[in-house]
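The values are calculated or read from the model by the stated rules, or taken from the named source; none is laboratory data. This is a predicted model, so every value here is computed, not measured. Every residue, glycine among them, receives a Cβ derived from its backbone with ideal geometry; neighbour counts consider all protein chains shown.
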Amino acid sequence: MNTEICPMTTKEERCPAIQRAARLLREGKLVAFPTETVYGLGGNGLDPQAASRIYAAKGRPSDNPLILHICDREELPPLVRRIPEAAKRLMDAFWPGPLTLIFEKSEKVPLESTGGLDTVAIRFPSHPVAQELIREAGVPIAAPSANLSGRPSPTTAEHVIQDLSGRIEMILDGGPVEIGLESTIIDVTGEIPLILRPGYISLVQLREVLGSGEFDPAILGKPDSDLRPRAPGMKYRHYAPKAELTIVEGKPEAVASRILSLAKEKKNQGFRVGILCSEESRGRYDASFVKTIGTRAKEETIAHNLYRCLREFDEEEKEFVYSEAFSEGPLGAAIMNRLMKAAGYRILQAGGEDENLP
Ligand code: TXA
Ligand code: MG
């Protein structure tokens with residue numbers, strides 16, 4: 001299949017491309033498009049066949065439900081059985097934006113889009129290209145992240161091209177996305193609002209609006225524990241780089257010296273090694289190994305660059321990568337959730353009593 005790639009820089013380019021993309025979506029075809037979080041792989045959310053095409057293009061297990069994207073709150077009622085009060089308050093506070101809400105689904109939503117669940121995930125993105133595309137298509141757009149299953153989510157059109165060129169009809173190139181991590185998923189169908197996937201909207205913000213809220217306990221531990229995550233996608237080891245990634249936690253000096261000794265050991269054994277660190281600690285490492293992810297003074301930069309850095313390590317065919325932890329700020333939960341998954345939960349404490357620091 002030939003994948004058409006459409007630049008979206010000028011208005012002259014944008015309008016006809018969005019019209020063609022919307023037509024393709026109505027015909028049951030697939031189009032990748034930018035959102036403020038990551039690029040999405042869109043198909044008609046009410047068409048069971050489009051859902052199976054999405055799963056096939058991504059190589060994704062079909063029990064992992066899709067998020068339906070809408071461009072107006074008016075589009076919500078036909079898709080859901082009821083709208084809880086808590087959902088209304090969260091929508092007032094955060095829509096359009098990087099927040100996905102779980103509702104009981106209506107008859108209109110095919111089980112193929114929800115992985116067989118009787119609930120549905122709905123998001124109203126703020127990105128203008130996403131909004132125009134959904135409006136023009138006239139249907140809710142089912143869109144997982146536009147990566148091959150098991151690869152980091154795409155934050156640029158180039159990433160989408162790397163993964164899906166030849167597998168989908170069209171890619172709308174809106175440049176790099178703003179946030180770089182997928183939306184926060186909140187389930188308000190039960191008594192306590194639950195974060196099923198941490199994202200840009202934090203637990204603190206959720207509690208500010210609703211006065212209560214918790215993380216789904218299953219996402220705080222390893223996926224092989226007894227707890228079953230409520231977002232089926234959270235049980236997979238997503239975001240897996242080719243290298244064996246290890247996170248090192250602790251005081252900055254201890255972390256740097258532990259990472260350096262681990263990296264040197266592997267390098268001396270002939271392996272290709274990488275280090276992921278913040279701008280603040282860059283000077284502590286040997287410059288030839290290091291990738292700077294962003295600054296701790298502005299953790300949005302770390303969120304924004306995480307997936308790009310992981311993809312670059314893949315391109316450089318690194319075999320072992322050591323990363324600092326980035327857990328301090330309000331975005332720490334989301335960043336560490338993705339980083340821990342990428343690391344297969346391999347995390348070391350530097351400077352602990354059982355450590356032999358050089
Ligand atoms: O930021 C985002 O949310 C991006 C952009 C494209 O909008 N989309 C995205 O989709 O990350 P995806 O398919 O990669 O992740 C969807 C997550 C999965 O973990 C899935 O299990 C969960 O949402 N999910 C979808 N429907 C659900 C439901 N009814 N109940 C619980 N979890 C659900
Ligand atoms: Mg995904």
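Quick rundown of the values:
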quantity	calculated
Filtered residues of the stretch 284-342 (kept if without any contact (Cβ under 8 Å) to a residue 40 or more places away in the chain, under 18 Å from Val177 (Cβ atoms) and part of a helix (DSSP H, G or I))	Glu299, Thr301, Ile302, Cys309, Glu312
Among the candidates Thr156, Thr119, residue that is more than 15 Å from ligand 2 (Cβ to nearest atom), under 15 Å from the mean Cα position of the chain (by Cα) and surrounded by fewer than 24 Cβ atoms within 10 Å (Cβ to Cβ)	Thr156
Any chance Glu191 is at pLDDT 95 or above, more than 10 Å from ligand 1 (Cβ to nearest atom), among the charged types (D, E, K, R) and not assigned by TED's automatic domain parsing to the domain that holds Glu300	no
Residue within the stretch 162-169 that is within 16 Å of ligand 2 (Cβ to nearest atom), among the small types (Gly, Ala, Ser) and assigned by TED's automatic domain parsing to the domain that holds Trp95 present	no
Residues of the stretch 87-135 classified as in contact with a Cys (Cβ under 9 Å, 6 or more places away or on another chain) and among the hydroxyl-bearing types (Ser, Thr, Tyr), total	0
Counted residues, the stretch 50-71 - those being part of a helix (DSSP H, G or I) and either β-branched (Val, Ile, Thr) or touching a His at 6+ places or on another chain (Cβ under 8 Å) (or both)	1
All positions within the stretch 245-257 that are in a helix (DSSP H, G or I) and in contact with an Asp or Glu (Cβ under 7 Å, 6 or more places away or on another chain)	Val255
Residue check for Gly116: in a loop (DSSP other than H, G, I, E, B), over 26 Å from Val204 (Cα atoms) and within 14 Å of ligand 1 (Cβ to nearest atom)	yes
Among the residues listed as Ile186, Ile168, Ile134, the single one being within 15 Å of ligand 1 (Cβ to nearest atom) and in contact with a helix residue (DSSP H, G or I) (Cβ under 6 Å, 6 or more places away or on another chain)	Ile168
Any hit, the stretch 36-49, residues being in a helix (DSSP H, G or I), within 23 Å of the chain's Cα centre (by Cα) and in the same structural domain as Gly211 (by TED's automatic domain parsing)	no
Qualifying residue in the stretch 60-74 (condition: surrounded by 15 or more Cβ atoms within 10 Å (Cβ to Cβ), modelled with pLDDT of 95 or more, within 16 Å of ligand 2 (Cβ to nearest atom) and among the polar types (S, T, N, Q))	no
Single residue of the stretch 317-354 satisfying the filter (surrounded by 15 or more Cβ atoms within 10 Å (Cβ to Cβ) and charged (D, E, K, R)) that is modelled with the lowest pLDDT	Lys341
Scan of the stretch 102-116 for residues that are within 16 Å of ligand 2 (Cβ to nearest atom) and either surrounded by fewer than 18 Cβ atoms within 10 Å (Cβ to Cβ) or more than 15 Å from Arg81 (Cβ to Cβ) (or both), ordered by number	Ser113, Gly115
Qualifying residue in the stretch 134-152 (condition: over 30 Å from Glu315 (Cβ atoms), buried (at least 20 other Cβ atoms within 10 Å of the Cβ), away from ligand 2 (no atom under 16 Å from the Cβ) and small (Gly, Ala, Ser))	yes
Yes/no for Gly283 being buried (at least 20 other Cβ atoms within 10 Å of the Cβ) and small (Gly, Ala, Ser)	no
Unique match (being acidic (Asp, Glu) and farther than 22 Å from Lys58 by Cα) among Glu169, Glu104	Glu104
Meets criteria (in contact (Cβ under 8 Å) with a residue 24 or more places away in the chain and under 22 Å from Ala263 (Cα atoms)) for Ile347	yes
Scan of the stretch 145-204 for residues that are assigned to a helix (DSSP H, G or I) and among the small types (Gly, Ala, Ser), ordered by number	Ala157
Some residue of the stretch 75-98 being in the same structural domain as Gly180 (by TED's automatic domain parsing), within 15 Å of ligand 2 (Cβ to nearest atom) and in a helix (DSSP H, G or I)	no
